[in-house]
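Inspection log for the structure reproduced underneath, given as structure tokens.
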Amino acid sequence: MNKLKSLREHLLTKHDGWSIDPKHLVTTVNGGEIISAPEGENLNYEWKFNANILILKFSGDANQLFFWVLRWLSVNQPNHDEKAFEFDTDFINDQSTDIALVVPLSQIIVVDSTAEGFVLLPDGEPDMKTELLPAENWTLNTNDAAMMQWVNGGG
């Protein structure tokens with residue numbers, strides 16, 4: 001659900017003169033499913049779900065809202081369908097509307113097997129617990145040929 005949290009945080013950020021009160025933003029999920037390989041060594045799997053975003057008493061420009069959702073999608077869900085999301089509106093009065101968005105999202109979970117067990121990481125998101133170790137010497141090989149080498153801290 002990292003993408004849903006990220007989208008929510010993005011919507012709560014002030015954009016071009018409008019903002020959303022956190023009390024007026026409701027996020028839920030429906031239509032969720034897990035996609036996995038039926039057999040074999042690949043333990044990775046994928047979440048697919050609809051993010052339901054309900055914005056109550058929105059007084060900004062809907063075009064601005066839609067633009068910023070599309071900007072978020074271009075970075076966080078670049079393979080989204082041409083039909084990026086659906087929406088419904090309910091006009092409350094001359095100054096505000098309730099806007100409901102349905103945004104299809106997916107998230108691949110990469111599963112690595114280690115001596116201690118399994119590590120599950122959302123694809124494209126760093127493992128914040130990773131500890132970098134200094135390397136005195138290393139070589140990058142492709143097709144059994146050295147492409148790059150690092151020796152004693154110099155390249």
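Structure notes:
- Links that overshoot a 21 Å alpha carbon limit, given the list 5/48; 57/83; 3/48; 23/83; 14/48; 23/57: 57/83; 23/83; 14/48
- The order of 53, 99, 108, 34, going from fewest to most other C-beta atoms within 10 Å of their C-beta, is 34, 108, 99, 53.
- Overall, the stretch 22-75 carries a charge dipole of about 480 debye about its Cα centre when +1 sits on the Cβ of Lys and Arg and -1 on the Cβ of Asp and Glu, all other atoms neutral.
- Cut-off 15 Å, label 7 Å out along Cα→Cβ of residue 92, residues of the stretch 11-33 by amide N: 19-26
- Counting other Cβ atoms within 10 Å as a rough exposure proxy, the listed residues 69, 111 run 111, 69 from fewest neighbours to most.
- Amide H contacts of residue 109 (H built 1.01 Å from N, in plane; Pro and chain starts excluded): 45, 46, 47, 123 sit under 5 Å, all sequence-distant by 5 or more or on other chains.
- Under Karplus coefficients 6.51, -1.76 and 1.60, residue-wise ³J(HN,Hα) of the stretch 96-107 in Hz, glycine/proline x: 8, 9, 9, 10, 10, 10, 10, 10, x, 10, 9, 8
- Gyration tensor (alpha-carbon) shape descriptor, the stretch 39-126, a/c threshold 1.5: prolate
A short reminder: the numbers here are calculations on the coordinates, not readings from a lab. All figures in this text were calculated on a predicted structure; none of them were measured in a lab. Cβ coordinates were reconstructed from backbone atoms using ideal geometry, including for glycine residues, and neighbour counts include every protein chain displayed.
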